[in-house]
Amino acid sequence: MKHGKKFYLSYLWGSVLIAQIILVCVFGLVNEVRLKVVTYTGWIIWGISVILGWLPIFILKRNGGVAKGKSYVHTTILVDTGLYSIVRHPQYTAGILFSLALILISQSLLITALGLIAILLLYMDILFADKYLIEKFGDDYKNYMKKVPRINFLLGFIRILTRRIKQHKK
């Protein structure tokens, strides 16, 4: 995969997400007809997205076999523990949740439309990331895919709890 093609979806969803952020800052927060419970839910989801967005930087840097001085994205070891035992793509999940949070906070039709586009592009990028990671890590990644959900961190928690309960019963 050529360098530019590898990142074109990231450029697209990143641009849409930035437009969404700007519109929320300029127009979205002055919407007087918002439902407060929806707005508060949006802020909670935003908080979850911050955690899912930042933790991987430290986790991959520490556990991913990243060479000194290199970015956390240059992993040489498949990380499948901690947060990565719950969800395969926490940063993409963070992007999806962040876009959803902006939709809920603003409760604006335009921001919702942009958010849906961003979420669709993010999900498409996740599918490309899985293909790339299969090429990079082979069967280990295929086995990892069977155990850990792509973005559904709630299902990931349930699977971990189920495994722990089964191990405890033995």
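The values are calculated or read from the model by the stated rules, or taken from the named source; none is laboratory data. All values derive from a computational prediction rather than experimental measurement. All Cβ positions, even for glycine, are placed from backbone atoms using ideal geometry, and neighbour counts span all protein chains on display.
For TYR92, the test of being crowded, with 18+ Cβ neighbours inside 10 Å, over 30 Å from CYS25 (Cβ atoms) and among the aromatic types (Phe, Trp, Tyr) is failed. Within the range 87-116, the set of residues being among the β-branched types (Val, Ile, Thr) and modelled with pLDDT of 95 or more comprises VAL87, THR93, ILE96.
For the range 80-93, the candidate set comprises residues that are not hydrophobic (A, V, I, L, M, F, W, C) and not in a helix (DSSP H, G or I); within that set, the residue that is nearest to ARG34 (Cα to Cα) is HIS89.
The sole residue among ILE77, ILE103, ILE96, ILE119 that is over 15 Å from the mean Cα position of the chain (by Cα) and assigned to a helix (DSSP H, G or I) is ILE103. Evaluating ILE59 against the criteria (1) β-branched (Val, Ile, Thr); (2) closer than 20 Å to TYR11 by Cα; (3) under 17 Å from the mean Cα position of the chain (by Cα); (4) part of a helix (DSSP H, G or I) leaves one unmet condition, (2).
If you filter the range 134-157 down to residues that are among the hydrophobic types (A, V, I, L, M, F, W, C), under 18 Å from THR75 (Cα atoms) and in contact (Cβ under 8 Å) with a residue 24 or more places away in the chain, you find that the one that is surrounded by the fewest Cβ atoms within 10 Å (Cβ to Cβ) is MET145.
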